[in-house]
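Structure first, commentary second.
No value in this document is a laboratory result; all are computed from the given coordinates. Computed from a predicted structure; not experimentally measured. All Cβ positions, even for glycine, are placed from backbone atoms using ideal geometry, and neighbour counts span all protein chains on display.
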Amino acid sequence: MRYEAISPAEWERLEGAEHDRIYSGSSPFFFSDEHIDPAKVLVWEDYCYKQGRRRDRGHRTKRLFELMGVPRLHGKKILDVSCGNGQYAVLFAMLGADVEAFDISPVGVERGGRIAAANGVADRCRFTVQNASSMQYPDATFNIVVFHEVLHQAVKYPNVREETLRVLKPGGIAVCAESLRGNVLLDLARKVTMRGGEAKGDVILEIADFETFAEGFSDYRLETMSLLFMAKRMLQGQVHRGAVRSFLRLLKSTDDVLLSAFPGLSRYCGECVAVFRK
Ligand SMILES: C[S@@+](CC[C@H](N)C(=O)[O-])C[C@H]1O[C@@H](n2cnc3c(N)ncnc32)[C@H](O)[C@@H]1O
């Protein structure tokens, strides 16, 4: 079933409830309580698995951080779109930014407020329930708008691009970290683990989707990454093993060689970061 078969209002209801369940009682990052240690998050490894946990997204997150100027965020006004349980919003506030964050999940937003308070940044990190289709901020408010693993859900809703352009200051940037369609290993893993994915509302993005989102921005850059390295998805839960980590490092170095020798292979990469400048 294609996502268009369900109305945006119905998606909001379905996904809001689904994410309420996911964020209920959740902790930020890999920490066991509400306290975040930014130094530990920033040295998160490229394939940031923690023993026994299913995390593999550090590679693109690390690059997204670089593009945002992390850790030098003092004086930056940041919007974290679809913030989930607020872990990134709180991290950015702890690094000195003034942050607004929203999500359609009331539970996520409530968790975000608690995590902000527990880390002493509630005055610099405000959470609200909103839809990315109609953001409740004045025009030209933000230096940086963050879409961290969000666009694959937000593309189902109208006006997200227009709203992003509206709330960005002139010269400000929207940054986006995502998975991509087209990587054989990732598509295989999706078939096995997600049964296609889209029925749940996760739209598997293509490079063309980013090009469409870029309309109206003055500048746009897409960086693709992870070719053979996407095998990490099939090794989830194994990465605490030294041999597996060595194997993944080898895949990553092989990717570097392959992608610089054959740039056309970049369209088969499994992840990307994108920067859109207003
Ligand atoms: C994969 S999660 C990512 C959460 C967070 N950015 C992170 O990286 O931890 C996607 C989030 O998008 C939210 N979401 C989906 N569609 C949305 C919309 N139209 N407006 C606001 N939030 C939305 C979901 O509730 C969910 O929390």
TODO: Name the residue farthest towards the positive end of the dipole of the chain from the options 68, 210, 6, assuming +1 on Cβ of Lys and Arg, -1 on Cβ of Asp and Glu, about the Cα centre.
DONE: 68
Open item on the list: Just to compare against my own numbers: the Cα pair-distance distribution for the range 156-278, 5 Å bins, whole % per bin, please.
Closed with: 2, 10, 17, 18, 17, 14, 11, 7, 3, 0
Task: Listed peptides 87-93, 228-234, 252-258, 183-189 by packing density, highest first (mean Cβ within 10 Å) - done: 87-93, 228-234, 183-189, 252-258
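What is the dipole size for the range 144-271, taken about its Cα centre, with +1 at each Lys and Arg Cβ and -1 at each Asp and Glu Cβ, in debye to the nearest 20?
Details: 17 positive and 16 negative charges, 131 e Å.
Its charge dipole is roughly 620 debye.
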Task: Residue pairs, from the table 156/278; 77/252; 77/191; 200/232; 76/191; 77/156, whose Cα atoms sit over 32 Å apart - done: 77/252; 77/191; 76/191
Task: the range 113-257, relative contact order in percent, only Cα pairs under 8 angstrom and at least six apart counted - done: 19 percent
- [ ] Convert 4 °C to kelvin, take the viscosity as 1.567 mPa s, use the Kirkwood radius over C-alpha pairs of the range 198-257 as Rh, and evaluate the Stokes-Einstein diffusion coefficient in µm²/s, rounded to a whole number.
- [x] 91 µm²/s
TODO: Let me know the Kirkwood hydrodynamic radius for the chain, please, with Cα pairs as the basis and the value in Å to one decimal.
DONE: 19.2 Å
Task: Computed Kirkwood radius, in angstrom, where 1/r is averaged over Cα pairs of the range 57-180 - done: 14.2 Å
- [ ] Give, as a single signed number, the net charge of other residues whose beta carbon lies under 11 Å from the beta carbon of residue 91, with Lys and Arg counted +1 and Asp and Glu -1.
- [x] -1
Task: FRET efficiency, 1/(1 + (r/R0)^6) with R0 25 Å, evaluated for residue 200 and residue 114 via beta carbons - done: 0.40
Task: Burial order of peptide ranges 64-77, 23-36 (average beta-carbon count within 10 Å, highest first) - done: 64-77, 23-36
Open item on the list: Are there DSSP H segments in the chain that both extend 24 Å or more along their axis (alpha-carbon positions) and score a mean Kyte-Doolittle hydropathy of at least 0.0? List them, or say none.
Closed with: 242-261
Open item on the list: Can you order the peptides 96-106, 171-181, 122-132 by their average number of other Cβ atoms within 10 Å per residue, highest first?
Closed with: 96-106, 171-181, 122-132
Open item on the list: What are the equivalent ellipsoid semi-axes of the range 59-127, built from the alpha-carbon gyration tensor (square roots of five times its eigenvalues), in whole angstrom, biggest first?
Closed with: 19, 14, 9
Task: Cβ-based charge dipole, the chain, positive-most Cα from 231, 99, 25 - done: 231
TODO: Residues in the range 4-36, backbone N under 12 Å from the label point at residue 134 (7 Å along the Cα-to-beta-carbon vector): list them, ranges by number please.
DONE: 9
